[in-house]
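Please treat every number below as a calculation from the coordinates, not as lab data. Because the structure is predicted, anything quoted here is derived from the model rather than measured. FYI the Cβ positions are ideal-geometry reconstructions off the backbone, even for glycines, and counts take in every protein chain you see.
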């Protein structure tokens, strides 16, 4: 089974960390993290991975904090 955990902001990272760690107990679960890129500086992104002991994301969407206005 493939499971994708999507996170972009601090509350999301805090919620996916225990789910990711629990998935490691099951060989039939391939759990991967997708980072939306909402927070892209070290203090607002990589620090969460370090502090919560979760691996670097398998995918990084790079959405950033740019304008969402469609012209």
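Among rounded, prolate and oblate, which fits the stretch 2-60 when a ≥ b ≥ c are the square roots of the eigenvalues of its C-alpha gyration tensor, a/c under 1.5 means rounded, and a/b larger than b/c means prolate? It comes out prolate by the Cα gyration axes. Exposure proxy for 1, 14: other Cβ atoms within 10 Å of each Cβ, ordered fewest to most, give 1, 14.
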